[in-house]
Every structure is written in structure tokens, then in C-alpha cells.
Amino acid sequence: DTGVSQDPRHKITKRGQNVTFRCDPISEHNRLYWYRQTLGQGPEFLTYFQNEAQLEKSRLLSDRFSAERPKGSFSTLEIQRTEQGDSAMYLCASSSNRDRGPEAFFGQGTRLTVV
Amino acid sequence: AQTVTQSQPEMSVQEAETVTLSCTYDTSESDYYLFWYKQPPSRQMILVIRQEAYKQQNATENRFSVNFQKAAKSFSLKISDSQLGDAAMYFCAYSRSLIQGAQKLVFGQGTRLTINP
């Protein structure tokens, strides 16, 4: 396992379409995070899973966004009825609860463009 | 809510010289973590260095060191002997302690570092 993997790397979609992104965390990591990063800005927290339980969601995560982590392994982030404002880089990160600290490892991200 | 501020949108340094990136944060908590992450162009974000708030000693990782001033809520990153591969966007980030719940990262706006050969 070489790290956090995200698929696809790039997605171009028409406004109004639904899109789904996948994240495969580092295998022994029980914590998984989704962030959104717009151009020239730092990432913003979207949601957090500990194993399969979604424990926290940001107010940024509107009703059109849903995330799942079945069986506590990979996670999916779905955006329904995409809008141009959804265009951003979506980053996934994972961390382990073995350490006291929250060192997070990031994937390369999925860049979404809504046209 | 916690906030992180990076007041330098861009910095440049000559190769082999030293550069310091600034970061300030705001929190009412006493136990937390601070990080510097590096994001090269079109590449994934990687952790450069981390500091636990309960530790008085400044963290050091090879050419990278921090100046952690807890009372002033300041957390600067010093890069010594700058190399071309250090060119990237640098983000300062804050996280609360584990017992307080989800350790989501709160990021600053970033500083773009250019290394001049």
C-alpha cells in the first residue's frame, strides 16, 4: 500500500449532472477525511469518518453532497445536480488512531470542473 | 472557531539561502497540534513538520524547523539551505487534540514559495 488513492484524477461534467469520487485510504487507517480546495486557497474540511461512521459534517456540505464509507474501507463522495460553484479539487486524507497525533496523509485529489 | 492566517501570499529565496514563512492562529484551546504541509504543483500534499502545543521545544526535521510561540499564537517555518525542490505552496494547519473529537485540519490560505537558482 503506497498511500491514499483517489479516482478519478480529473472529472469534467455538465451542470446538473451527478458525479461520484472514490477514495482508498491507507489500509490500516481508520480515520478518513474529505476536503475541498478551490484555486489559490487552502483546503476546507467537508466530512470525517471513523471506520464506517460519519461523525462530522461541515456546513459546506449541502444536501446535494453525500459521503459514505461502507465497511470502513474505501469512501465515496457524491455530488448531485452539480453547479459551477462545485468546481474545485476534492482531497481525501486518512490517519491512524495508533498515534496520539492526527498526522494525515493526503491523496492526489480529484479535480472537478463543472461546465 | 479556530482560524489560521498566513499573511505572505508569495515568498522567494535564493537557492541555498534561508527563508521564513509566517503563520498565526487563533484558538481558545490549550492542547492542539500545528502543522506545515507542502503542496508541489499538481502533486499531493505532504507533511513537512508538526508541533504539539504541550511541547515547549520547537520541532525540527532536517532543514526545516519551526518557531512556536504559544502565547503569541505564532508558528513560523524556517527552511535552511533552500533547494529547488522546496518550491511549492506551503500551508500552515491547526488541529485540535484527539480527545476533543474529529481531528480535522484548519488550513491557512497558503504561501507560494519560489526558489531562485
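The values are calculated or read from the model by the stated rules, or taken from the named source; none is laboratory data. Computed from a predicted structure; not experimentally measured. Every residue, glycine as well, gets a Cβ built from its backbone with ideal geometry; the counts of neighbours run over all protein chains shown. For accessibility, only protein heavy atoms count, side chains too; no ligands or nucleic acids. Shrake-Rupley method; radii C 1.70, N 1.55, O 1.52, S 1.80 Å.
Taking trypsin sites (Lys or Arg not before Pro) across the stretch A:1-70, the ones in a DSSP loop with at most 15 further Cβ atoms lying within 10 angstrom of their Cβ are A:Arg9, A:Lys14, A:Arg15, A:Arg59, A:Arg64.
Name the trypsin sites (Lys or Arg not before Pro) in the stretch B:1-96 that are in a loop by DSSP and that have at most 15 other C-beta atoms within 10 Å, would you? Don't jump to the answer; show the numbers that get you there.
Working: sites: B:Lys38, B:Arg43, B:Arg50, B:Lys55, B:Arg63, B:Lys70, B:Lys73, B:Lys78, B:Arg96; in loops: B:Arg43, B:Lys55, B:Arg63, B:Lys70, B:Lys73.
Those satisfying the criteria are B:Arg43, B:Lys55, B:Arg63, B:Lys70.
Using the Cβ-Cβ distance between B:Lys78 and A:His10 with R0 set to 41 Å, the FRET efficiency from 1/(1 + (r/R0)^6) comes to roughly 0.70.
When you filter the chymotrypsin sites (Phe, Trp or Tyr not before Pro) in the stretch B:23-75 for DSSP loop state and at most 12 other Cβ atoms inside 10 Å of their Cβ, you are left with B:Tyr54. Picking from B:Leu77, B:Leu105, B:Leu34, which is most flexible by a Gaussian network model of chain B using Cα springs under 10 Å? Evaluated over chain B, the most mobile residue of the options is B:Leu105. Placing a pseudo-label 7 Å from each Cα along the Cα-to-Cβ vector at B:Asn62 and A:Glu103 gives an inter-label distance of 1.4 nm.
The mean count of C-beta atoms from other chains within 10 Å of the C-beta of residues in B:59-71, rounded to a whole number, is 0.
What percent does the relative contact order of chain A come to when contacts are Cα pairs within less than 8 Å and at least six residues apart? That works out to 37 percent.
Between the listed residues A:His29, B:Ala71, B:Thr60, the Cα displaced farthest toward the positive end of the dipole of the protein assembly as shown, a dipole computed from Cβ unit charges relative to the Cα centre, is found at A:His29. Amide H to amide H distances under 5 Å link A:Gln108 with A:Gln6, where only residues 5 or more positions off or on other chains count and H is placed in the peptide plane. Any idea which of A:Gln84, A:Phe74, A:Gly40 is furthest toward the positive side of the dipole for chain A, if Lys and Arg beta-carbons carry +1 and Asp and Glu beta-carbons -1? Most positive-ward Cα: A:Gln84. Solvent exposure of B:Ser80, expressed as accessible area, is near 40 Å², computed with a probe of 1.4 Å over the protein chains only.
Please compute the contact order of the stretch B:17-63 in relative form: average sequence separation of alpha-carbon pairs under 8 Å and at least six residues apart, divided by the residue count, as a percent. 30 percent. Over 32 Å between C-alpha atoms is what I'm after, so list which of A:Lys11/B:Lys55; A:Lys14/B:Lys78; B:Lys55/B:Lys104; A:Lys11/B:Lys78; A:Lys11/B:Lys73 land there. Over 32 Å apart, Cα to Cα: A:Lys11/B:Lys55; A:Lys14/B:Lys78; A:Lys11/B:Lys78; A:Lys11/B:Lys73. Between the alpha-carbon centres of the stretch A:14-55 and the stretch B:1-49 there is a gap of 22 Å. For the stretch B:37-117, the square roots of the Cα gyration tensor eigenvalues, ordered a ≥ b ≥ c, give a/c of at least 1.5 with a/b no greater than b/c, which places it in the oblate category. Given a 1.4 Å probe and the protein chains as shown, B:Glu61 ends up with an accessible area of around 90 Å².
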